[in-house]
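Q: The structure follows.
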Amino acid sequence: DAIESSDIARQLVEKEDVVGVIGDFSSSACMANAPIFGDAGLVQLSPTASHSDFTGMNDYMFSIMGRSDDESRFFITNLVGRYKGADNIGIIYANTDWGNQVNDSMMDQAKIDGITVVADEPYTEGEIDFTNVLNKVKNQDPEMLVLVMQTVDCANALNAIAQMGWEVDVVSQGANSSEQVIEIAGENAEGLCSTTSFFIDESVPEEKAWLDTFVA
């Protein structure tokens, strides 16, 4: 929650022993905090914020995550197009700073790649009942459903899809490689395809071999 996060940010800048902040999770929260930390000269390092505008807000904002506008284009071209071979898709996206940028980039790349977007619907993050927005997209008969949302929302959407009896191929962009998706959605998560960051442990021979091949 961006408002709650900013309240905490104001408390942190008053603490002399705080020399930097790791967080927040969402781009919206980080971008709300940026002026607070920036004015105080306090570094905010987010492990996950991917909105392209975040790190440029001032000299003290940093992220280790890839940019969502770049990742979304890769997602459409490689996962949706090359890997899954989809010709037409429906998109449901979180109506947040992150979700809107992801959706805009996906729509643009889909047009470039010749993939038809038959439905494009926002939803309010934290939604419990996805029935209405799912029906809007289902009525347009996409061959693939793209969920632009985070862990719990994704799991709840998968459960709703199963309850509707809608047999549709589902892919997602967001933090949905989490085991929490499987814990909440169970067998309804079967077949979900997503992307995730890959962290290489060079002490593992198989991962080191992959890294060497990739670099070469």
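The values are calculated or read from the model by the stated rules, or taken from the named source; none is laboratory data. Quick caveat: nothing in here was measured; it's all calculated off a predicted structure. Neighbour counts are summed over all protein chains in view; Cβ atoms, including those assigned to glycine, are modelled from backbone coordinates with ideal geometry. In case anyone asks, the SASA skips ligands and DNA or RNA and just uses the protein heavy atoms, side chains included. Shrake-Rupley method; radii C 1.70, N 1.55, O 1.52, S 1.80 Å.
Q: What pairs come out if I take residues in the stretch 7-29 that are loosely packed, with under 12 Cβ neighbours inside 10 Å and pair them with residues that are at pLDDT 90 or above and among the hydroxyl-bearing types (S, T, Y) whose C-beta lies under 8 Å away, six or more apart or interchain?
A: Note: pairs meeting the criteria are I22/S46.
Q: Among residues belonging to the stretch 61-70 that are aliphatic (A, V, I, L, M) and either under 26 Å from G191 (Cα atoms) or assigned to a loop (DSSP other than H, G, I, E, B) (or both), point out the one that is least open to solvent (accessible area, probe 1.4 Å).
A: Within the stretch 61-70, the match that is least open to solvent (accessible area, probe 1.4 Å) is M65.
Q: May I pose another question? Considering only the stretch 188-216, state which residues are open to solvent by 70 Å² or more (accessible area, probe 1.4 Å) and touching a residue at least 12 places away in the same chain (Cβ under 8 Å).
A: T196 - this is the single residue of the stretch 188-216 that is open to solvent by 70 Å² or more (accessible area, probe 1.4 Å) and touching a residue at least 12 places away in the same chain (Cβ under 8 Å).
Q: Among (1) open to solvent by less than 60 Å² (accessible area, probe 1.4 Å); (2) farther than 30 Å from K111 by Cα, which single condition is A49 missing?
A: (2)
Q: Let me ask something else. In the stretch 125-155, which residue that is closer than 15 Å to W166 by Cα and of a type in the set (D, E) is least open to solvent (accessible area, probe 1.4 Å)?
A: Once the filter is applied, the top-ranked residue is E143.
Q: Give A119, A185, A162 a once-over and let me know the one that is open to solvent by less than 20 Å² (accessible area, probe 1.4 Å) and either assigned to a helix (DSSP H, G or I) or aromatic (F, W, Y) (or both).
A: A185
Q: Within the stretch 63-81, take every residue that is of a type in the set (D, E, K, R) and out of contact with any Ser or Thr (no Cβ under 6 Å at 6 or more places or on another chain) and give me the one that is nearest to V148 (Cα to Cα).
A: The residue in question is E71.
Q: Ok, one more. Might you check whether a residue that is hydrophobic (A, V, I, L, M, F, W, C) and surrounded by fewer than 14 Cβ atoms within 10 Å (Cβ to Cβ) occurs anywhere in the stretch 169-182?
A: No: zero hits.
Q: Continuing with the same structure: What are the pairs with Cβ atoms under 7 angstrom where one residue, in the stretch 35-64, is over 14 Å from D97 (Cα atoms) and the other, located anywhere, is open to solvent by less than 30 Å² (accessible area, probe 1.4 Å) and among the aromatic types (F, W, Y)? Sequence gap at least six, or different chains.
A: Q44/F37; Y60/F37; M61/F54; S63/F54
Q: Just give me the residues in the stretch 154-181 being over 17 Å from the mean Cα position of the chain (by Cα) and within 25 Å of N103 (Cα to Cα), in sequence order.
A: N159, A160, I161, A162, M164, W166, E167, V168, D169
Q: Looking only at residues that are touching a strand residue (DSSP E or B) at 6+ places or on another chain (Cβ under 8 Å) and at pLDDT below 90 in the stretch 48-67, which one is nearest to S6 (Cα to Cα)?
A: A49
Here is a yes/no grid of residues against (1) open to solvent by less than 70 Å² (accessible area, probe 1.4 Å); (2) touching a helix residue (DSSP H, G or I) at 6+ places or on another chain (Cβ under 8 Å):
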{"residue": "G38", "(1), (2)": "yes, no"}
{"residue": "L42", "(1), (2)": "yes, yes"}
{"residue": "D59", "(1), (2)": "no, yes"}
{"residue": "S72", "(1), (2)": "yes, yes"}
{"residue": "Q101", "(1), (2)": "yes, yes"}
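Q: Shifting gears a bit: Counting just the residues of the stretch 75-90 that are assigned to a helix (DSSP H, G or I) and of a type outside the set (F, W, Y), which one comes out farthest from the chain's Cα centre (by Cα)?
A: R82
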